[in-house]
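Below: one structure, written as structure tokens.
The values are calculated or read from the model by the stated rules, or taken from the named source; none is laboratory data. These numbers come from a predicted model, not from an experiment. Note that each Cβ is placed from the backbone with ideal geometry, even for glycine, and that neighbours are counted across all protein chains shown.
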Amino acid sequence: MKKWWQVIVLILFVVVLDQLTKWGMRDNFIVGESIKVIDGLFNLTYVRNRGAAFGFGAGQGDLFRALMFLLLPTIACVWLAFLIKTALIESKLLAVAYSMILAGAIGNLLDRFILNYVVDMFDFYLWQSHFPAFNIADASISVAAMLLIYDFFLQLKNKKGNGEA
């Protein structure tokens with residue numbers, strides 16, 4: 001039970017931080033407004049993303065958007081909860097990674113259900129080349145992906161050490 005509380009606290013922390021930063025952008029910026037934080041590298045920019053990662057599918061019809069950005073992610077959240085339950089028994093690292101993915105999914109789903117778009121704000125760039133803007137939820141998912149890759153290599157190393165690979 002203690003492990004579940006740790007997972008719930010992590011998920012709530014990421015979701016609340018994500019929603020607070022998005023609320024701050026909506027209340028203090030006009031869409032498209034940008035403030036330089038580190039000249040030549042990083043701006044805070046208010047972006048409304050109606051698509052998926054990097055704006056994929058933003059121009060599609062309402063039915064496509066409802067299926068792809070509301071229904072499927074909701075089903076994925078249920079699946080992630082199952083993965084977390086399984087991972088808590090086997091690997092704390094996997095449980096953390098799945099929890100961070102779930103938290104990011106919840107953060108962006110809240111935006112989609114409430115606003116019909118996701119608020120993005122972190123705008124990294126080098127000269128004129130901009131990485132697509134993202135938010136805390138996206139960052140959580142990205143860090144989790146790195147943890148999953150790290151866990152994969154740990155498992156591979158353990159199998160080699162046991163003569164299983």
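Looking at LEU148, is it aliphatic (A, V, I, L, M), within 24 Å of LEU67 (Cβ to Cβ), in a helix (DSSP H, G or I) and modelled with pLDDT of 95 or more? It would help to see each step written out before you state the result.
On the way: aliphatic (A, V, I, L, M): yes; within 24 Å of LEU67 (Cβ to Cβ): no; in a helix (DSSP H, G or I): yes; modelled with pLDDT of 95 or more: yes.
Criteria not met by LEU148.
Could you tell me whether the stretch 91-100 includes any residue that is without any contact (Cβ under 8 Å) to a residue 40 or more places away in the chain and touching a Leu at 6+ places or on another chain (Cβ under 7 Å)?
Going residue by residue through the stretch 91-100, those that are without any contact (Cβ under 8 Å) to a residue 40 or more places away in the chain are none.
The answer is no; no qualifying residue exists.
I'd like to verify a number: residues in the stretch 1-38 that are loosely packed, with under 14 Cβ neighbours inside 10 Å and among the β-branched types (Val, Ile, Thr), how many?
Summing the residues that are loosely packed, with under 14 Cβ neighbours inside 10 Å and among the β-branched types (Val, Ile, Thr) in the stretch 1-38 gives 8.
In the set ILE89, ILE101, ILE114, which member is part of a helix (DSSP H, G or I) and modelled with pLDDT of 95 or more?
On the way: ILE89 fails: modelled with pLDDT of 95 or more; ILE114 fails: modelled with pLDDT of 95 or more.
On inspection, the qualifying residue turns out to be ILE101.
Does the stretch 146-156 contain any residue that is in contact (Cβ under 8 Å) with a residue 24 or more places away in the chain and aromatic (Phe, Trp, Tyr)? Full working, then the answer.
So in the stretch 146-156, the residues in contact (Cβ under 8 Å) with a residue 24 or more places away in the chain come out as 147-148, 150-151, 154.
Going one step further and asking which of them are aromatic (Phe, Trp, Tyr), we end up with 150.
Yes: one or more hits.
Only one of these is exposed (fewer than 13 other Cβ atoms within 10 Å of the Cβ) and either among the basic types (Lys, Arg) or modelled with pLDDT under 70 (or both): LEU72, LEU63. Name it. Spell out the reasoning first.
On the way: LEU72 fails: either among the basic types (Lys, Arg) or modelled with pLDDT under 70 (or both).
LEU63 is the lone residue from the list that is exposed (fewer than 13 other Cβ atoms within 10 Å of the Cβ) and either among the basic types (Lys, Arg) or modelled with pLDDT under 70 (or both).
Taking the stretch 111-147, which residues are over 18 Å from ASP39 (Cα atoms) and of a type in the set (Gly, Ala, Ser)?
ALA137, ALA139, SER140, SER142, ALA144, ALA145
Any residue that is modelled with pLDDT under 80 and surrounded by 15 or more Cβ atoms within 10 Å (Cβ to Cβ) - is there at least one of those in the stretch 39-53?
Looking only at the stretch 39-53, we keep the residues that are modelled with pLDDT under 80, and these are 51-53.
After this cut, where a residue has to be surrounded by 15 or more Cβ atoms within 10 Å (Cβ to Cβ) as well, the list is 51-52.
Taking every residue of the stretch 39-53 in turn, at least one turns out to be modelled with pLDDT under 80 and surrounded by 15 or more Cβ atoms within 10 Å (Cβ to Cβ).
Restricting attention to the stretch 117-145, which residues are in a strand (DSSP E or B) and among the β-branched types (Val, Ile, Thr)? Write out each step before concluding.
The initial filter retains those residues of the stretch 117-145 that are in a strand (DSSP E or B), namely 118-126, 129-130, 134.
VAL118, VAL119 - these are the residues of the stretch 117-145 that are in a strand (DSSP E or B) and among the β-branched types (Val, Ile, Thr).
Got at least one residue in the stretch 136-143 being at pLDDT 95 or above, touching a strand residue (DSSP E or B) at 6+ places or on another chain (Cβ under 7 Å) and within 18 Å of ARG26 (Cα to Cα)?
No, the stretch 136-143 contains no residue that is at pLDDT 95 or above, touching a strand residue (DSSP E or B) at 6+ places or on another chain (Cβ under 7 Å) and within 18 Å of ARG26 (Cα to Cα).
Within the stretch 108-141, work out how many residues are surrounded by fewer than 14 Cβ atoms within 10 Å (Cβ to Cβ), closer than 27 Å to LEU83 by Cα and without any contact (Cβ under 8 Å) to a residue 24 or more places away in the chain.
The qualifying residues number 1.
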